[in-house]
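The values are calculated or read from the model by the stated rules, or taken from the named source; none is laboratory data. In this text the structure is predicted, and so the values were computed from the model without any measurement. Note: ideal-geometry Cβ built from the backbone for every residue, glycine included; neighbour counts use all protein chains shown. Calculation scope for accessible area: heavy atoms of the full protein, side chains included, ligands and nucleic acids excluded. Shrake-Rupley method; radii C 1.70, N 1.55, O 1.52, S 1.80 Å.
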Amino acid sequence: MEFQRASAEWDVLISLAHYSQGGDGPMCRPVVCLPEEDACSFLELRGSRHPCVSKTFFGDDFIPNDLVVGRGESEDAEGSDGAAQASCMLVTGPNMGGKSTLMRQAGLLVIMAQLGCYVPAESCKLTPVDRVFTRLGASDRIMSGESTFFVELSETSSILQHATQHSLVLLDELGRGTATYDGTAIASAVVKELAENIRCRTLFSTHYHSLVEDFSHSSAVRLGHMACMVENECEDPSQETITFLYKFIKGACPKSYGFNAARLADIPEEIIQKGHQKAKEFEKTTSCLRLFKAVCCLVGGPQTDVHAIQAVLKKIAEM
């Protein structure tokens, strides 16, 4: 048994050494920093790549990305404001734009770093991670009578009960297994708990853009998205061309470009156009409700701004 255990350990160490010497692109020795008292745990990756995808499918064509969670964008986080050091990152972007790959990449590089392996990145700095929690993909346990949404909530419950300030949490599109309002509400409550109470490093991807609006001014949450380039943007979504840039940048993505995914899946153009028309109706209704809410807030305020109310009413009339 001792010989088998020693052989297994040698096999792992030799494999890690072999990968560290032969990885495609820059490889770096990770820097693990001791957590400071009352300081936010952080993860900082510069020019990072997915160790499996880049090695197997793309090679030198894989687009590297920077990812900073829990500290400022500058090399030295001292002096950064609270918003810059937010521990939660809301990740948006087009369907098939690379959000899930980025999240899996972060989890794998953290594990490799704490194993003592070189990581595929230009630089890697982090405070120790006690556990990596993931809620990725969609699956059910039909033989146990558990639906996809129930499995999602069960896994999320485990995260909320066991995650600490030093954990890394990867949540991919929580709430998609139920009605939009229910899903958005649950996702919002989970983000608030992770960002403001547990304060662990979190990557939370979503297509709920109302959720992004809710946390756009939160000091505990930062926004990032996978960039894309849209050509021939017009009323007919079947004529649009979406180019995925696979680059993670600041801010929120304006749309999810779901009709582009439908076109790539060969959904008939007539159906896509009808769906797009219905989406415009939904968007108009939502915008009217939002503007009406703004009018109510202005009227109920301590000082009624007539000009502001007129501007909002003009926007409603133009819709």
Listed peptides 110-118, 62-70 by packing density, highest first (mean Cβ within 10 Å): 62-70, 110-118
Given H placed 1.01 Å from N in the peptide plane, which residues other than close sequence neighbours of residue 146 have an amide H under 5 Å from its amide H? 141
Starting from the 7 Å offset along Cα-to-Cβ, what nm value, one decimal, do you get for the label separation of residue 2 and residue 16? 2.3
Per-peptide average of other Cβ atoms within 10 Å, ordering 162-170, 90-98 highest first: 90-98, 162-170
With a ≥ b ≥ c taken as the square roots of the eigenvalues of the C-alpha gyration tensor of segment 253-292, please select rounded if a/c is under 1.5 and otherwise prolate if a/b is larger than b/c or oblate if it is not? oblate
The FRET efficiency for residue 114 and residue 154, from their Cβ-Cβ distance with R0 = 25 Å and rounded to 0.05, is 0.40
For segment 110-165, report the accessible area per residue in Å² (1.4 Å probe, heavy atoms, rounded to an integer). 53
Can you give the FRET efficiency to the nearest 0.05 for residue 189 and residue 284, using r as the Cβ-Cβ distance and R₀ = 30 Å? 0.60
What order do you get for 262-273, 175-186 when each peptide is scored by the mean count of other beta carbon atoms within 10 Å, highest first? 175-186, 262-273
Summarise the accessible area of segment 195-285 (1.4 Å probe, protein heavy atoms) by the percent that is carbon and sulfur. 53
Cβ under 10 Å from residue 113's Cβ, residue 113 left aside: what net charge do those residues give with Lys, Arg +1 and Asp, Glu -1? +2
Taking every other residue with Cβ under 15 Å from the Cβ of residue 189 and scoring Lys and Arg +1, Asp and Glu -1, one gets -3
